[in-house]
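Read the structure below first, then the notes.
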Amino acid sequence: MAPVLDFPINVGLIDDVQELKKARKTKIPNRFVRDVAERPAVATTQSPLSTSIPVIDLSKLMKGNKEDFHFEIMKLSASCDEWGFFQVINHGIDLDLLKKIEKVAMEFFMLPVEEKQKYPMAPGTVQGYGQAFVFSEDQKLDWCNMFALGLVPHSIRNPKLWPTNPPMFSDTVETYSREIRKLCKDLLRFIALSLGLRGNVFEDMFGESVQAMRMNYYPACPRPDLVLGLSPHSDGSALTVLQQGKGSTVGLQILKNNTWVPIQPVTNALVINIGDTIEVLTNGRYKSSEHRAVTHKENDRLSIVTFYAPSYEIEIGPMPEMVDENNHSKYRRYNHGEYSRHYVTNKLQDRPEALRVVQEPINACWSICLLGRRVYSPTPPKSAES
Ligand SMILES: COC(=O)C(/C=C/C1=C(C)CCCC1(C)C)=C/O[C@H]1C=C(C)C(=O)O1
Ligand SMILES: O=C(O)CCC(=O)C(=O)O
Ligand SMILES: [Fe+2]
């Protein structure tokens, strides 16, 4: 599904951050300089707040004894309740494959800019090389170069955006995405069990799940205190799998109790986060946490992110098992394809907590539901009709 923008946009000139860095300019262009309230606090030493989110040992869930299994499931449930994030170790994915995907990603980002721009991310779309979610000339930009591809189903692929250089790029992406897909299916099974649900409940519902990948490259920035690597957002997926480049410095931050908590990378672990879809399905029990990325003065950073989501045809709403007289339905039902379209054609930043499930309407087909959350409604709210 290629998102179709039904309004004209002028995004102006989007500077390529790697080129800015090469030019060794010390002054950060204004479009990257955040308003004071948005600027990250930059720690000079390791931040005392820096935290390692709970670490789940997948081997204990896949083949552990009863006691290990039970312990790990409880840990998983607590991580999803408290953080909406966890890291997974002993995930069974060949560590060489993790190295290979990082290698081809870095080789791609290190190509001359003219070569990378052969695969442009057109304004208002999310696949290819560039910056996603930019819709106006005065929007602040992220200190990041992105390369994103739709992977499954095949119909969302744009073959013109698959690089031929580095030569191993496509093969490595195919192998990696197959392995990550298996991991997502396993994780969804354990997430269902952690809620006391049938293990297959999500997979049975999702149809042929949509899978997409985004590589984020954050060059070192001379003024990390002024810019953001990636604007605050929650993911629209069911699950997101994030691989942080080897030797990564802290970059990912999660908003917890109104404070940005830097997440300490764990070697060879994959970071998993709950996306908006699971939040809605679980009627808000497992929340999709707001997160962002910050940059570093000396070190660059790479992240490789997989979004795993239901098929576009699927209707999403709180599962009956998650609703009762004490937990009323907090979300309306909506179509995931509509939601995806809405997600990719709206700004990523500035999404207030109350609007997190779905952002401000373009076509006004969204209405406020219980608890002030805004979700898709096929009937436009009265105030938005005029
Ligand atoms: C830059 O892209 C994203 O941040 C992103 C987009 C993913 C997609 C593609 C690259 C190709 C077409 C499919 C899809 C929209 C999934 C984030 O993905 C989140 C947002 C939604 C919605 C989702 O399901 O995953
Ligand atoms: O690079 C990171 O740590 C965050 C990436 C992210 O949140 C995303 O791509 O959605
Ligand atoms: Fe994200």
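The values are calculated or read from the model by the stated rules, or taken from the named source; none is laboratory data. Fair warning: this is a prediction, and the values are worked out from it, not measured in the lab. Using ideal geometry, Cβ is built from the backbone for each residue, glycine included, and neighbour counts are taken over all protein chains shown. Just the protein is used for accessible areas: all its heavy atoms, side chains included, with ligands, DNA and RNA removed. Shrake-Rupley method; radii C 1.70, N 1.55, O 1.52, S 1.80 Å.
Observations
Let's see how each residue does on (1) part of a loop (DSSP other than H, G, I, E, B); (2) among the basic types (Lys, Arg); (3) surrounded by fewer than 24 Cβ atoms within 10 Å (Cβ to Cβ):
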| residue | (1), (2), (3) |
| --- | --- |
| Pro265 | yes, no, yes |
| Asn268 | yes, no, yes |
| Val280 | no, no, no |
| Arg285 | yes, yes, yes |
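- Lone unmet requirement of (1) out of contact with any Gly (no Cβ under 6 Å at 6 or more places or on another chain); (2) buried (at least 21 other Cβ atoms within 10 Å of the Cβ) for Pro232: (2)
- Checked against (1) more than 12 Å from ligand 3 (Cβ to nearest atom); (2) surrounded by 24 or more Cβ atoms within 10 Å (Cβ to Cβ); (3) not in a loop (DSSP other than H, G, I, E, B), Ile272 meets all criteria but (1).
- Matching residues, the range 308-336, being open to solvent by less than 40 Å² (accessible area, probe 1.4 Å) and either within 16 Å of ligand 3 (Cβ to nearest atom) or touching a residue at least 40 places away in the same chain (Cβ under 8 Å) (or both): Tyr308, Ala309, Pro310, Ser311, Ile314, Met319, Met322, Tyr331, Tyr334, Asn335, His336
- Candidate set from the range 243-263 (those that are open to solvent by 20 Å² or more (accessible area, probe 1.4 Å) and assigned to a strand (DSSP E or B)); member that is farthest from Thr295 (Cα to Cα): Lys256
- Members of the range 222-261 found to be β-branched (Val, Ile, Thr) and within 16 Å of ligand 1 (Cβ to nearest atom), listed by number: Thr240, Val241
- Inter-residue pairs, beta-carbon under 7 Å, first farther than 30 Å from Arg333 by Cα and in the range 258-284, second in a helix (DSSP H, G or I) and within 14 Å of ligand 3 (Cβ to nearest atom), 6+ apart: none
- Across the range 185-220, the number of residues qualifying as in a helix (DSSP H, G or I) and either of a type in the set (S, T, N, Q) or open to solvent by 20 Å² or more (accessible area, probe 1.4 Å) (or both) comes to 8.
- Filter result for Val305 (modelled with pLDDT under 95, open to solvent by less than 20 Å² (accessible area, probe 1.4 Å) and not charged (D, E, K, R)): no
- For Arg341: the one exception among (1) more than 16 Å from ligand 3 (Cβ to nearest atom); (2) within 19 Å of the chain's Cα centre (by Cα); (3) open to solvent by less than 10 Å² (accessible area, probe 1.4 Å): (3)
Condition check ((1) open to solvent by less than 80 Å² (accessible area, probe 1.4 Å); (2) within 16 Å of ligand 3 (Cβ to nearest atom); (3) touching a His at 6+ places or on another chain (Cβ under 6 Å); (4) modelled with pLDDT under 95) across all residues:
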| site | (1), (2), (3), (4) |
| --- | --- |
| Asp94 | no, no, no, no |
| Leu98 | yes, no, no, no |
| Lys103 | no, no, no, no |
| Glu114 | no, no, no, no |
| Thr125 | yes, no, no, yes |
| Gln131 | yes, yes, no, yes |
| Val134 | yes, no, no, yes |
| Ile156 | yes, no, no, no |
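- Residues (surrounded by fewer than 19 Cβ atoms within 10 Å (Cβ to Cβ) and among the small types (Gly, Ala, Ser)) located in the range 136-154: Ser136
- Filtering the range 12-39 to residues that are within 26 Å of the chain's Cα centre (by Cα) and at positive phi leaves only Gly12.
- Considering only residues in the range 211-229 that are touching a Phe, Trp or Tyr at 6+ places or on another chain (Cβ under 8 Å) and within 18 Å of Thr125 (Cβ to Cβ), the one that is farthest from ligand 3 (Cβ to nearest atom) turns out to be Gln211.
- Residues within the range 168-184 that are crowded, with 16+ Cβ neighbours inside 10 Å and of a type in the set (Lys, Arg), tallied: 1
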